[in-house]
1. Within the bounds of the range 188-196, is there any residue that is modelled with pLDDT of 95 or more, in a helix (DSSP H, G or I) and outside the structural domain of Leu26 (by TED's automatic domain parsing)?
2. Just for helices (runs of 4 or more DSSP H) wholly inside the range 71-171: which have at least 1 residues that are closer than 30 Å to Asp14 by Cβ?
3. Could you list all residues from the range 1-46 that are basic (Lys, Arg) and surrounded by 14 or more Cβ atoms within 10 Å (Cβ to Cβ)?
4. Sort out which residues of the range 172-187 are assigned to a loop (DSSP other than H, G, I, E, B) and either in contact with a strand residue (DSSP E or B) (Cβ under 6 Å, 6 or more places away or on another chain) or aromatic (Phe, Trp, Tyr) (or both), and write them in order of number.
5. Kindly list the number of the only condition in (1) among the aliphatic types (A, V, I, L, M); (2) exposed (fewer than 12 other Cβ atoms within 10 Å of the Cβ); (3) touching an Asp or Glu at 6+ places or on another chain (Cβ under 8 Å) that fails for Val161.
6. Taking the residues in the range 52-68 that are surrounded by fewer than 14 Cβ atoms within 10 Å (Cβ to Cβ) and within 37 Å of the chain's Cα centre (by Cα) as candidates, determine which candidate is nearest to His4 (Cα to Cα).
7. Could you tell me which of the residues Glu142, Glu192 is free of Cβ contacts under 8 Å to residues at least 60 places away in the same chain, touching a strand residue (DSSP E or B) at 6+ places or on another chain (Cβ under 9 Å) and farther than 29 Å from Ser253 by Cβ?
8. Quick check, is Ile99 surrounded by 16 or more Cβ atoms within 10 Å (Cβ to Cβ) and either of a type in the set (Asp, Glu) or touching a Gly at 6+ places or on another chain (Cβ under 6 Å) (or both)?
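The values are calculated or read from the model by the stated rules, or taken from the named source; none is laboratory data. The shown structure was predicted, so the numbers you read here are calculated from the model rather than taken from an experiment. Glycine also receives a Cβ, built like all others from the backbone with ideal geometry; neighbour counts cover every protein chain displayed.
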Amino acid sequence: MDIHQIQYLITIVDNGFNLTKSARILNVSQPALSKLISEIEDTEGIQIFIRGKGRITGLTPLGEDLIRHGRQVSSDYDDMMKSMRDKATLKRGTVKVGIAPVIISTVFNRAIPKFIQENPDIDLQIVEKGAYELQKMLILQEIDLAVLVSPATFPSIQEHVIYKDSVAVWFNQNHRFHERKGPIPIDEIGKERIVTLDDSFMVTYQVKKKFSQRGITPDFFFQTSSWDLILNMCQEMENTVGIVAAPIGENYSGDIEHRDFEPYFPWDISLCNLGDVYPNNLVRYTQKWIANYFKKLNSNEEEFIEKP
């Protein structure tokens, strides 16, 4: 029985033997969790849980002893890992940060070069993937940090919002929205031919959800991973609108306009870590550096960055 199996059993006990809730916290399926319990009991030749009417209702005396000792083992393991990571070199090593491509080009285009210049001994590895893929990689601990459009969809992921803006509707000067002042009602946007990012992007998931909640079935006639293609299409096609985050247009040289949604559609960017994993000093330093960089950017005030 390994440490992770012990921690899974402790989670089940701490959540009142509710496998559905425990599976959600552990980010596994309920059938997989049930199978894990059976495999542990079969392999060790023991019965850990009391069952009644197909449900787990409590612990056997042996199970109570196992959980009592397991809590101590788990605590000792956590202390060992924390001590080991605290002794690691603070500003030398590799950090893997997952960032969605659109966020890199609009929000992190200056932050990344500055980090590299200030921290030459840190090997900053950027992983460019969509939001869903990055969340999975974070949970599997294949990356140390993730930068995502908020909110994250997995409860075990902790978020710290570092940047705020809005999602906008884009169009050319011949479009009917050109004559409107102020934000465009979402019901009106839903009447248009829409070009937007593909379904791997969190913004697309969010905008489709907003339309669905209002009973609107818009015409998403084209989706792509290329934000500049979206804006080019809006510039060339007067019967088309684009939906992308407002800051993206700062990198576009064409003649195109945008308005906010009504109601307001936020585009908040979060720096994320896995909540139940204690990060090493290098990861914590990187996390602190990024948070302070954007805090300083937003407030124009000098902020303290953690030193070794």
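1. Checked the range 188-196: at least one residue is modelled with pLDDT of 95 or more, in a helix (DSSP H, G or I) and outside the structural domain of Leu26 (by TED's automatic domain parsing).
2. Per the criteria, 131-139.
3. As a first pass, look at the range 1-46 and keep what is basic (Lys, Arg): 21, 24, 35.
Lys21, Arg24, listed by residue number.
4. Answer for the range 172-187, where residues must be assigned to a loop (DSSP other than H, G, I, E, B) and either in contact with a strand residue (DSSP E or B) (Cβ under 6 Å, 6 or more places away or on another chain) or aromatic (Phe, Trp, Tyr) (or both): just Pro183.
5. The one condition Val161 does not meet is (2).
6. By that ranking, first place goes to Arg68.
7. Glu142
8. Judged against the criteria, Ile99 is not a match.
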